[in-house]
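Report on the following structure.
The values are calculated or read from the model by the stated rules, or taken from the named source; none is laboratory data. Just so we're clear, the structure is a prediction, and the values are computed from it rather than from any experiment. Here Cβ is always computed from backbone atoms with ideal geometry, including for glycine, and neighbour counts include all displayed protein chains.
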Amino acid sequence: MHLFKSVVCLGAVVAVTACGGVESNEGLAMRESALVTGTSQGCTFTVSSAPRQPGPFPYIFDVTVTRLASSTCAWGAGSVLVGSSNAVEPTVSLTANELGVAVAYTYGKYARSLELKHLAPDTLTVVRSSTLYPMGVQYSVSSGDLAIGPDGTTLTVSGTKNGPMVGETGSGGNYVASYPDFFTSTTAPSIVAF
């Protein structure tokens, strides 16, 4: 168990806090910013969610990825609606490298799932989609933080849930899903619950 905890702590974006380190408020703000911001091919990307205006009740929350204009970004500013969630505000996460932009968000009112998308940095089009589903309408995937592994090609999603997920091994309220070659293949993830 100790070895598994060490691996999770090393691979998670929140490693300092999860492994018992002390973190200042400034460090916490930077970490939270890192979960929704990434850089690919000289461009900075962010993900956000907001209630649709004018909106129905219950609200529909739209998830948008924005490319910021800068002197290093060849394509300029742009944005794309990547999805939405009914009634419940989604949790969102984004990471990026030279291969592309990965975004994740929860959706659904009751049995919430987690949607992952690979976006092309230049056109903001969806290259790949993948979904992590709960195993039943009484369960939900509550969150999913993204990180790219040291190899530069493996995408990991770590988060919480309140029941089993389709395809998982192990059990518990936390999970880590690993997508090898996420940006260049459609290989299914391995999902470990703990």
Some residue of region 84-107 being over 19 Å from R128 (Cα atoms), at pLDDT 95 or above and surrounded by fewer than 19 Cβ atoms within 10 Å (Cβ to Cβ): no
Neighbours by Cβ (under 8 Å, 6+ apart or cross-chain): first from region 114-137, on the phi < 0 side of the Ramachandran plot and among the acidic types (D, E); second surrounded by 14 or more Cβ atoms within 10 Å (Cβ to Cβ) and part of a loop (DSSP other than H, G, I, E, B): D122/Q41; D122/W75
Residue in region 70-83 that is surrounded by fewer than 16 Cβ atoms within 10 Å (Cβ to Cβ), assigned to a loop (DSSP other than H, G, I, E, B) and either among the acidic types (D, E) or in contact with a Gly (Cβ under 7 Å, 6 or more places away or on another chain) (or both) present: yes
Single match in V137, V101 (criterion: in contact with a strand residue (DSSP E or B) (Cβ under 7 Å, 6 or more places away or on another chain) and either aliphatic (A, V, I, L, M) or within 15 Å of P164 (Cβ to Cβ) (or both)): V101
Number of the exception - E26 against (1) modelled with pLDDT under 95; (2) surrounded by 15 or more Cβ atoms within 10 Å (Cβ to Cβ): (2)
Region 80-94 residues that are under 14 Å from T46 (Cα atoms), paired with ones that are of a type in the set (F, W, Y) and in a strand (DSSP E or B) (beta carbon under 7 Å, 6 or more apart): T91/Y105; V92/Y105; L94/F45
